């Protein structure tokens, strides 16, 4: 592999989801040094949580996993997990970036990912973000078994040794001697950074505020799309056997409600862009698990703007027993068996109707990543009034500061293929700076 | 004997079970809650067990199994660590603790009215939690045929009635949590929403010292107390040693424990035998049977519970209810909206006056408890 001279400029990429990873691989393959910075203990971002991708219904992690390990082993990519950008200085072609690296308390290169620390750790009940908070883990934790880097991490807010100087059981139990409580948070100063790419991705409406519309959190059989994604995933909490949270029965009738918290003045004013498609995808996967399944999609209008997308919807209706209902939901109640009852107005017939289903899935809105405001202040870039990174329609990957680029959902809600395309675009623009194009 | 390798540890000067034995158990300050044993055994360290009402090493050979992690010492309700933090978290400034609200109430359920003590509130609240599928199991105590209280895990409201009423000697209520796996198995048989055993939801009913142990464990969020979602405290003036109590009962009434139907304390000790003969014995006569740790205890109303319950101060057929946390307040509100309980409304005074009077009374009783010791 090509490698530019030792003193050449590097690129800092903030966020190691699919967009950040694609940019890093593109730049790394060009021989450019990349520092990939991720806040979470592992890379992969939202795509790693998904079961399948649309419109091809490919297994998400199967596409992603090779990229994850390539990223980890790439000679030109340095991965900084549990890290955040703290300060930048300089300008295009010569930024300096200070990265706050939080201690993992486990030696990344020594840990064998055996899990003995997690088994013996007495601290329990810490929710796992990766499984949409549906399962819990110990203070010695890993998001999922195939996480990259394949190393455990100790949650400093809960660890008994770090807080009270008792316990130390993981240290005692670790056969590889990988636990290192002497690690401290440290600041890494990167100089001679030519360009920066902001690929901070997305969060979902349920992450920032308690979503209490349509009975979510009140009724167990109302779940979000991300929760369904984990429930239906073979490596998820139910090992791929979709069953209801209240009684474990396999749902036969599922309702998908569109535009939750999006396109409304009460939530986000914009269209979340991917929900029409992922809802159809989820209904298809659910049907593949159980051919007796009926799906009802309650939508305002279907937005299938993409290659092969319209055909995908038609396939859903024809082959996967999905019924699309143009409607406005009034409210949801449950009957004595916890089955949600949806009251809605059918827009086509103007009738008020009720439908009892087994499970309701909310297509919640994509929102800018939490912490983007803070990062924007540090970088000095402008955000639009929804807090997405502000860009010009004709220069979609350029931020308001020269030399800082952006891609993927940091910029606006978009699907995976577009994120990947933009990531390559941002990588190309960054490469221009480095190679003096 | 093979040489024992020094234990690999990062810890310095941590107090371990040996210290707990010296400071608490041998000095008779142990309240037999079972927290240390529940923690240690749930980790399968094979070190300590409950022998009657006293935790001890399983055998001399097991002493070396001790991991010296120090958690048993930390979570013991009778030791100092974590108390400052807990007092802060539960907004405790004086002996009676933080009071969000105080009410008197009684159950509306006829069966519970018959069986329960006072207003039958704890039983009713547990019934509500089971009905609304808010808990999967509850830890309560039950009498065996010799009137010895034993801790019991119940999985549905049908089992609930057996455990209503008051016990006057202690049961190690945290102990049954040791076997979280079999608890989980029983729950999973009925309900499938549990993906891992850490998601079981339980309610805990216990004396103030037991609640304190649960809260200590929860502060550290350690296994197995992390599954407890509701903590119900019981007013507790003192607790009797089972053996001593029934020895004294035998001396006073000539009745065996197996022939006693009911016991009740209202100023004096009332003992009813199975032929419905009632004996009244002065409470003082039982002083020798009071457990030693109760002498040092300054908690009457259960400061660390979500809600504490007791008969003291309430009018006939009602229970006094002290709400301590937001979770407790929400529960009482929901339960009363759902019609499971009737709240008592004072007729002769305003509600504010009534509340002040009741708090004052409970404060006096707390002081009495402290003075008595």
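Computed from the coordinates by the stated procedures, all read-outs in this text should not be read as laboratory data. The shown structure was predicted, so the numbers you read here are calculated from the model rather than taken from an experiment. Positions of Cβ are backbone-derived with ideal geometry, glycine not excepted, and every protein chain shown enters the neighbour counts.
Rounded to the nearest 10 degrees, the angle from helix B:121-131 to the longest Cα principal axis of chain B is 70 degrees.
Computed on region B:192-260, the Cα convex hull volume stands at 140 Å³ per residue. One way to sum up the overall shape of region B:1-143 is the equivalent ellipsoid from its Cα gyration tensor, whose semi-axes run 39, 20, 15 Å, largest first. Remark on region B:170-314: Rg and Dmax equal 18.7, 54 Å (Cα only). Rounded to the nearest 10 degrees, the angle from helix B:208-219 to the longest Cα principal axis of chain B is 50 degrees. With the largest listed first and rounded to whole Å, the semi-axes of the equivalent ellipsoid of region A:336-402 from the Cα gyration tensor are 44, 17, 8. Across peptide A:243-250, the mean count of Cβ atoms from other chains lying within 10 Å of each residue's own Cβ comes to 3. In units of the compact-protein estimate 2.2 N^0.38 Å, chain A shows a Cα radius of gyration of 1.03.
Scaled to the compact-protein estimate 2.2 N^0.38 Å, what is the alpha-carbon radius of gyration of chain B, rounded to two decimal places?
On the way: Rg = 20.9 Å, N = 373, 2.2 N^0.38 = 20.9 Å.
Scaled against compact globular proteins, the figure is 1.00.
Would you kindly calculate the translational diffusion coefficient of the protein assembly as shown, applying Stokes-Einstein with the Kirkwood radius from alpha carbon pairs, for 20 °C and a viscosity of 1.002 mPa s, and quote it in µm² s⁻¹ without decimals? Before the final figure, lay out the partial values.
Working: Rh = 30.0 Å.
My calculation gives 71 µm²/s for D.
Over chain A, dividing the summed -39,500 (n - 2.57) contributions of all DSSP H runs of at least 4 residues by the number of residues returns a 222 nm mean residue ellipticity of -7500 deg cm²/dmol.
Can you give the FRET efficiency to the nearest 0.05 for residue A:96 and residue B:12, using r as the Cβ-Cβ distance and R₀ = 56 Å?
On the way: r = 40 Å, r/R0 = 0.72.
With a Förster radius of 56 Å, E is 0.90.
With a Förster radius of 22 Å applied to the beta-carbon distance between residue B:243 and residue B:281, the computed FRET efficiency rounds to 0.80. Simple spin-label estimate for residue B:28 and residue B:150 gives 2.8 nm between the two label positions (7 Å along the Cα-to-Cβ direction from each Cα).
Antiparallel beta bridges, as assigned by DSSP with both residues in the protein assembly as shown, represent about 60 percent of the total such bridges.
Across every pair of non-identical alpha carbons in region A:36-136, the mean reciprocal distance, once inverted, gives a Kirkwood radius of 16.5 Å.
Shielding by partners for peptide A:159-166, expressed as the average number of C-beta atoms from other protein chains within 10 Å of each residue's C-beta, is 5. With the convex hull of the Cα atoms taken as the outline of region A:292-437, the averaged projected area works out to 13.0 nm². When restricted to Cα atoms, region A:98-159 yields an Rg and a Dmax of 11.6, 36 Å, respectively. A crude spin-label estimate for the pair residue A:189 and residue B:134, with each label 7 Å from Cα along the Cβ direction, gives 5.6 nm. Against the longest principal axis of chain A, how steep is helix A:416-435, in degrees 0 to 90 to the nearest 10, with axes from Cα atoms? Taking the Cα atoms of chain A, the angle to A:416-435 is about 20 degrees.
Using a simple spin-label model with pseudo-atoms 7 Å out from Cα toward Cβ, residue A:432 and residue A:63 lie 2.7 nm apart.
Here the Debye sum runs over all C-alpha atoms of region A:145-244 as equal scatterers in vacuum, and log10 of I(q)/I(0) at q = 0.21, 0.24 Å⁻¹ comes out as -1.09, -1.21.
Calculate, in nm to one decimal, what residue A:341 and residue A:8 gain on full extension: separation in residues at 0.36 nm each, minus their alpha carbon distance. Provide the component values of the computation, followed by the final result.
Working: separation 333, 0.36 × 333 = 119.88 nm, distance 6.26 nm.
Stretched fully, the residue A:341-residue A:8 segment lengthens by 113.6 nm.
Set the Förster distance to 25 Å, then compute FRET efficiency between residue A:163 and residue A:370 from the Cβ-Cβ distance, nearest 0.05. Working from the Cβ atoms, E equals 0.50.
Going from the alpha-carbon gyration tensor of region A:195-329, what semi-axes, largest first and in whole Å, does one get by taking the root of 5 times each eigenvalue?
Working: eigenvalues 108, 78, 57 Å².
Values for region A:195-329, descending: 23, 20, 17 Å.
For region B:120-246, the square roots of the Cα gyration tensor eigenvalues, ordered a ≥ b ≥ c, give a/c of at least 1.5 with a/b greater than b/c, which places it in the prolate category.
Quick one: in region B:231-357, what % of C-alpha pairs are over 27 Å apart?
Counting every Cα pair in region B:231-357, those more than 27 Å apart make up 37 percent.
With 0.36 nm allotted per residue and the present C-alpha distance subtracted, the residue A:354-residue A:377 stretch has 3.4 nm of extension available. Shielding by partners for peptide A:169-181, expressed as the average number of C-beta atoms from other protein chains within 10 Å of each residue's C-beta, is 2.
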